[in-house]
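Heads up, the thing below is written out as C-alpha cells.
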Amino acid sequence: MQQPWLPDAPPPRPGVPDDFSGRTAVLPLRGALLVLSLVGVLLVMGRSEAILDAAYGLPILPGTEGAIALAEAWNDAMAALGVPGAMRALREFLGGGR
C-alpha cells in the first residue's frame, strides 16, 4: 500500500496501483449496495416471527391493520419456505454450548 502523502514514502513502483486508482481492493458502491441489500433481506427473512410479534404490538393507528396484514403474509411466506424452523434449529445449535 502506498501512501504518497507521508514525507518518507518511497516513490511509487511501476505496475503497483496506488490507493487512489480504480484497481484498488475497494468494493464499488454498486457492489456494496447489492451485498448490503442481500444481507438485509436475509435478516428480514430470518426474523419474520419477531416482525410479526412486533406488528401485533403496534398501537391502534391508521395503517396498523395493513402493517399487521403485511407481517402475517411475510411470515406465512417464510413459513412455507421453512425459514423459521431452520432459524430455530440454528439458534438451538448455536446456543447449545451455554
(request) Determine whether Ala69 is modelled with pLDDT of 90 or more and among the aliphatic types (A, V, I, L, M). (result) yes
(message) I'd like the residue in the range 73-85 that is within 19 Å of the chain's Cα centre (by Cα) and of a type outside the set (S, T, N, Q) and, out of all such residues, is nearest to Glu49 (Cα to Cα).
(response) Pro84
(request) For residues that are surrounded by 11 or more Cβ atoms within 10 Å (Cβ to Cβ) and either within 21 Å of the chain's Cα centre (by Cα) or on the phi > 0 side of the Ramachandran plot (or both), tally how many sit in the range 56-72. (result) 2
(request) Please tell me if Ala25 is modelled with pLDDT under 90, hydrophobic (A, V, I, L, M, F, W, C) and not in a helix (DSSP H, G or I). (result) yes
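The values are calculated or read from the model by the stated rules, or taken from the named source; none is laboratory data. Predicted, not measured: the structure shown is a model, and the values here were computed from it. Here Cβ is always computed from backbone atoms with ideal geometry, including for glycine, and neighbour counts include all displayed protein chains.
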